[in-house]
């Protein structure tokens, strides 16, 4: 009896391993091959069916060692379930598998905007068509790049036979530049739903992600209503302070004698004054720092992108004033856009700026000054957008002094929100006090650099990301008289 027991256990264990390899390991290998070659995989229905079949087989084997009478008839029932259930289930699996391969795959057609604004969502429309004579369940996911933000996918639903379904999902990008959206992913199954198949369908689409020009559009709408002051931008018309003639008008109390047009006055037999407007055709050069110092994050957006938004608003204001606007980049990205004129040139500026990127390179102000002086011969208002650091010192001041000898220079410095939050944080202990002291020292060093620039006739704008666009536009309107 003792000799028989080990041999029985060994036989059962060997049979278990054989069935394990035949019914579990082999199907897993088959499914792996099917997925790698045909992109077909089993669904939960097959997994549950295999689980029930294994449970029936184990019960059938265990009950074979029970001597009770009820064990024999229960073993017989489980035997029928195991054997005939396996044949029926396997037949359905094979039938559904071949039906899935024979059915025409569904297709997609995508309609995507030609351009996006950074940080602003736009809708993408997709038409999913069922080309078969049977309804099917599909799961759709688009071939979006890693930097895309979309919470509405994947989409799952039923497609009617020979029908289609249209969906629209919001898509957002936080990185500017050229973006490629690859073919869509579709996973579909038949009405039995035992297998699912994944296919790539549709076409690849290219789109452009531009800086957020919403402030520019808002400004344009306000100017159409003759109310730019609603944005805080003060449009100044310094009557009599420039030398560009605008129009003749009736004499008003307070007009200077030099304004009176005596010839027109004698003709009309009343005093007529000449009215002047601000001189146009000035040159504005925007020098943008693309170095590593501009990679700091402010409200979830890099400081560099905040500077681009401010540049767009300033460019619109300058072009509307009749000035020329050019762009120079430095700090690892060395590009140059010669000054352009006319409000229609905003498209040229957008197409030039949309794919600007920051680099890990240091900001070389001396090299930027040499390039600027070489390319821009005519006197201009040069606006340098950067993040001034206390250690800059003469590396920043000397190049700007050199530019100042020929041009009017302004530095737009973007304050760091994280630093200002630490400075305004309530002190509750020693660590907070030390942090406040270090922050104060950092701000004092930056303020000292800005004061030195002011002493060398270099005007400065020191503002947060939220205030920079309007502050820079107002300072431009004040400084353009000196060009």
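The values are calculated or read from the model by the stated rules, or taken from the named source; none is laboratory data. None of these values were measured; they are calculated from a predicted model. Positions of Cβ are generated from backbone atoms using ideal geometry, with glycine treated the same way; all protein chains shown enter the neighbour counts.
Considering region 326-343 alone, what residues qualify as being in contact (Cβ under 8 Å) with a residue 40 or more places away in the chain and under 26 Å from the mean Cα position of the chain (by Cα)?
Applying the first criterion (in contact (Cβ under 8 Å) with a residue 40 or more places away in the chain) to region 326-343 yields 326-333, 339, 341.
326, 327, 328, 329, 330, 331, 332, 333 - these are the residues of region 326-343 that are in contact (Cβ under 8 Å) with a residue 40 or more places away in the chain and under 26 Å from the mean Cα position of the chain (by Cα).
Quick one: how many residues across region 163-180 are within 16 Å of residue 210 (Cα to Cα) and in a strand (DSSP E or B)?
Going through region 163-180, the residues within 16 Å of residue 210 (Cα to Cα) turn out to be 171-180.
So of that shortlist, the ones also in a strand (DSSP E or B) come out as 171-173, 177-180.
Total meeting the criteria: 7.
Sort through 191, 198 and tell me the only one that's more than 22 Å from residue 111 (Cβ to Cβ) and in a strand (DSSP E or B). Before you say what the answer is, go through the steps one by one.
Values: 191 fails: in a strand (DSSP E or B).
198 is the lone residue from the list that is more than 22 Å from residue 111 (Cβ to Cβ) and in a strand (DSSP E or B).
Can you tell me which of 98, 134 is outside the structural domain of residue 188 (by TED's automatic domain parsing), at pLDDT 80 or above and over 21 Å from residue 207 (Cα atoms)? Talk me through it step by step, then tell me what you get.
On the way: 134 fails: outside the structural domain of residue 188 (by TED's automatic domain parsing).
Answer to the check: 98.
Report, by residue number, each residue of region 148-166 that is surrounded by 15 or more Cβ atoms within 10 Å (Cβ to Cβ), in contact (Cβ under 8 Å) with a residue 24 or more places away in the chain and within 22 Å of the chain's Cα centre (by Cα).
148
State whether the residues of region 295-318 include one that is surrounded by fewer than 18 Cβ atoms within 10 Å (Cβ to Cβ) and more than 19 Å from residue 174 (Cα to Cα).
For region 295-318, residues surrounded by fewer than 18 Cβ atoms within 10 Å (Cβ to Cβ) and more than 19 Å from residue 174 (Cα to Cα): absent.
Would you mention how many residues in region 143-159 are in a loop (DSSP other than H, G, I, E, B) and either within 11 Å of residue 170 (Cβ to Cβ) or not assigned by TED's automatic domain parsing to the domain that holds residue 175 (or both)?
Filtering region 143-159 down to residues in a loop (DSSP other than H, G, I, E, B) leaves 144-147, 150-154.
In the following step, the residues that additionally are either within 11 Å of residue 170 (Cβ to Cβ) or not assigned by TED's automatic domain parsing to the domain that holds residue 175 (or both) were identified as 150-153.
Adding up the residues that qualify gives 4.
Restricting the first residue to region 198-218 and requiring it to be over 28 Å from residue 301 (Cβ atoms), which pairs with a second residue that is at pLDDT below 85 meet a Cβ separation below 6 Å and a spacing of at least six or different chains?
Final answer for the pair search is 198/39.
Residue-wise test of (1) within 17 Å of residue 210 (Cα to Cα); (2) touching a strand residue (DSSP E or B) at 6+ places or on another chain (Cβ under 8 Å).
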residue	(1), (2)
303	yes, yes
309	yes, no
312	yes, no
334	no, no
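Looking at region 361-401 only, could you name the residues that are farther than 17 Å from residue 290 by Cβ, surrounded by 14 or more Cβ atoms within 10 Å (Cβ to Cβ) and modelled with pLDDT under 85?
If the condition is that a residue be farther than 17 Å from residue 290 by Cβ, surrounded by 14 or more Cβ atoms within 10 Å (Cβ to Cβ) and modelled with pLDDT under 85, then 390 is the only one that fits.
Taking residue 229 as meeting all but one of (1) touching a helix residue (DSSP H, G or I) at 6+ places or on another chain (Cβ under 8 Å); (2) under 30 Å from residue 386 (Cβ atoms); (3) modelled with pLDDT under 55, write down the number of the exception.
(1)
When you go through (1) farther than 18 Å from residue 469 by Cα; (2) surrounded by fewer than 22 Cβ atoms within 10 Å (Cβ to Cβ) one by one for residue 330, which number turns out not to apply?
The failed condition is (2).
Let me spell it out: the conditions are (1) over 29 Å from residue 352 (Cα atoms); (2) at pLDDT below 60, and residue 256 meets all of them except one. Which number is the exception?
Failing condition for residue 256: (2).
For a quick check of your reading: which helices (runs of 4 or more DSSP H) sit entirely within region 409-483 and have at least 2 residues that are touching a residue at least 40 places away in the same chain (Cβ under 8 Å) and crowded, with 18+ Cβ neighbours inside 10 Å? Outline the logic, then answer.
Values: elements: 417-424, 430-455, 468-479.
Answer list for region 409-483: 430-455, 468-479.
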